[in-house]
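Worksheet: one structure, shown below.
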Amino acid sequence: MEINIEQVEGKVAVTILELHGNLDASNFEEVIDKARSVYESGARDLLIDLGDVDFMSSSGIVALHSIALLMRGEQPHDLESGWEVFHAIGRDSDSGLQEHVKILNPQPKVALTFEKTGMDNFFEIYTDRQTAIDSF
Amino acid sequence: MDSSTFTIKKAKLKHLAEIRRFVDSEVSALNVHPDIIYNILLSTTEAITNIILHGYNGEEGLIVIEVKQEDESVAIYIRDEAPQFDPTQIPTPDLTLPLEDRPMGGMGIHLIRQFMDRIIYRETPQGGNELILVKENVIQKTLEE
């Protein structure tokens, strides 16, 4: 998957990860690795632009949740843990919105996957880029 | 078109996109609404991801996908040679269960249940698995019919 990185200044420094293509089990770890690299470079607020992601499976949800854990200094899931990953996601979706990873412009069908997994309770989702940047 | 089959003898996760292209092409030809097609593609992806990761333990293995028109319904038949396992028996997740009581698996079957109308499991005579994902009454009649 093609992933572009951009640094912008809002009220705080925001790193934008712009994803292009399909997101599934074949490539979701690339997205986590990219997020890890920007975290290690000092990024703490991340906007993930899904406007050009035509397809996202549950592996994409795992990737985004893992990235949210990374950005708040926690270790992401052991990806072999099956339902434990799902239950951790469920616990976090019940805990409300987190502050450091936000989503921009998911396509309607991709947004539906957020709803079906409860992740719309965990990620703020924006349709306007500047509004998203200013929200951090 | 009554059915069309796609076989990958050594299926890996990298084949997921190719499988989606096949299913998309076949289901599109049946005059199914694009939103429904996406749900079918997502369900198929989840099912095959589970076969590769859990049935074949991340190794490569045979996967056969057949797209069938059954009256106004679309059925996706997915066959493999992995050890027999019925994913329809995975219970609906109970988030209140303690960790040690939770079954292993992923979100895949949960999403398949959200998006498909029927999920049927059968053991194959060869000792493998057949999973049938059905979306009912989605084939739109054309004006000529």
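Identify all residues within the stretch B:107-123 that are more than 13 Å from B:K135 (Cβ to Cβ), modelled with pLDDT under 95 and either more than 7 Å from every other protein chain (Cβ to nearest Cβ) or in a helix (DSSP H, G or I) (or both); write none if there are none. Quick ask: steps written out before the conclusion?
The first filter runs over the stretch B:107-123 and keeps only residues more than 13 Å from B:K135 (Cβ to Cβ), leaving B:107-111, B:121-123.
This time we only want the ones that are modelled with pLDDT under 95, so: B:107-111.
If the condition is that a residue be more than 13 Å from B:K135 (Cβ to Cβ), modelled with pLDDT under 95 and either more than 7 Å from every other protein chain (Cβ to nearest Cβ) or in a helix (DSSP H, G or I) (or both), then B:G108, B:I109, B:H110, B:L111 are the ones that fit.
Mind counting the residues in the stretch A:95-129 that are polar (S, T, N, Q), without any contact (Cβ under 8 Å) to a residue 40 or more places away in the chain and not in a loop (DSSP other than H, G, I, E, B)? Quick ask: steps written out before the conclusion?
Going through the stretch A:95-129, the residues polar (S, T, N, Q) turn out to be A:95, A:98, A:105, A:107, A:113, A:117, A:121, A:127.
Checking the rest, the ones that are also without any contact (Cβ under 8 Å) to a residue 40 or more places away in the chain come to A:95, A:98, A:121, A:127.
Still in the list and also not in a loop (DSSP other than H, G, I, E, B): A:121.
Counting residues in the stretch A:95-129 that are polar (S, T, N, Q), without any contact (Cβ under 8 Å) to a residue 40 or more places away in the chain and not in a loop (DSSP other than H, G, I, E, B) gives 1.
Only residues that are of a type in the set (D, E, K, R) and either in contact (Cβ under 8 Å) with a residue 12 or more places away in the chain or under 18 Å from B:P87 (Cβ atoms) (or both): list them for the stretch B:28-50, please. Please lay out each step first, then the result.
Here is the first cut: in the stretch B:28-50, the ones of a type in the set (D, E, K, R) are B:35, B:46.
The one that is of a type in the set (D, E, K, R) and either in contact (Cβ under 8 Å) with a residue 12 or more places away in the chain or under 18 Å from B:P87 (Cβ atoms) (or both): B:E46.
Tell me, which residue of the stretch A:15-39 that is assigned to a strand (DSSP E or B) and touching a helix residue (DSSP H, G or I) at 6+ places or on another chain (Cβ under 9 Å) is surrounded by the most Cβ atoms within 10 Å (Cβ to Cβ)?
Ranking the qualifying residues of the stretch A:15-39, first place goes to A:L23.
Just the residues that are touching a strand residue (DSSP E or B) at 6+ places or on another chain (Cβ under 9 Å) and within 14 Å of chain B (Cβ to nearest Cβ), please, taken from the stretch A:101-118. Talk me through it step by step, then tell me what you get.
Just the residues of the stretch A:101-118 that are touching a strand residue (DSSP E or B) at 6+ places or on another chain (Cβ under 9 Å), to begin with: A:101-107, A:109-111, A:113-114.
Across the stretch A:101-118, the qualifying residues are A:P106, A:Q107, A:K109, A:V110, A:A111, A:T113, A:F114.
Considering only the stretch B:13-27, state which residues are surrounded by fewer than 21 Cβ atoms within 10 Å (Cβ to Cβ), touching a residue at least 40 places away in the same chain (Cβ under 8 Å) and farther than 19 Å from A:G60 by Cα.
B:F22
Residue by residue through the stretch A:6-32, note down the ones that are more than 14 Å from chain B (Cβ to nearest Cβ), within 23 Å of B:R20 (Cβ to Cβ) and among the acidic types (D, E).
A:E18
How about the stretch A:40-63: which of its residues are outside any strand (DSSP E or B) and surrounded by fewer than 22 Cβ atoms within 10 Å (Cβ to Cβ)?
In the first step, residues of the stretch A:40-63 are kept if they are outside any strand (DSSP E or B); the result is A:40-45, A:57-63.
Passing the criteria: A:E40, A:S41, A:G42, A:A43, A:R44, A:D45.
Looking at the stretch B:7-66 only, could you name the residues that are within 10 Å of chain A (Cβ to nearest Cβ) and part of a loop (DSSP other than H, G, I, E, B)?
Across the stretch B:7-66, the qualifying residues are B:K12, B:G58.
Of the residues B:K68, B:K10, only one is at pLDDT 95 or above and loosely packed, with under 14 Cβ neighbours inside 10 Å; which?
Values: B:K68 fails: loosely packed, with under 14 Cβ neighbours inside 10 Å.
Just a single option satisfies the conditions, and that option is B:K10.
Can you name every residue in the stretch A:90-105 that is at negative phi and modelled with pLDDT of 75 or more? Reasoning before the result, please.
Our first condition is that a residue be at negative phi; within the stretch A:90-105, this holds for A:90-95, A:97-104.
Correct list: A:Q98, A:E99, A:H100, A:V101, A:K102, A:I103, A:L104.
In the list A:G60, A:G51, A:G42, which residue meets the criterion of being at pLDDT 95 or above and either out of contact with any Cys (no Cβ under 6 Å at 6 or more places or on another chain) or more than 14 Å from chain B (Cβ to nearest Cβ) (or both)?
When all the criteria are applied, what remains is A:G51.
The values are calculated or read from the model by the stated rules, or taken from the named source; none is laboratory data. Everything numeric here is computed off the predicted structure, so don't read it as measured data. Counting neighbours? That spans all protein chains shown, and the Cβs are built from the backbone with ideal geometry, glycine included.
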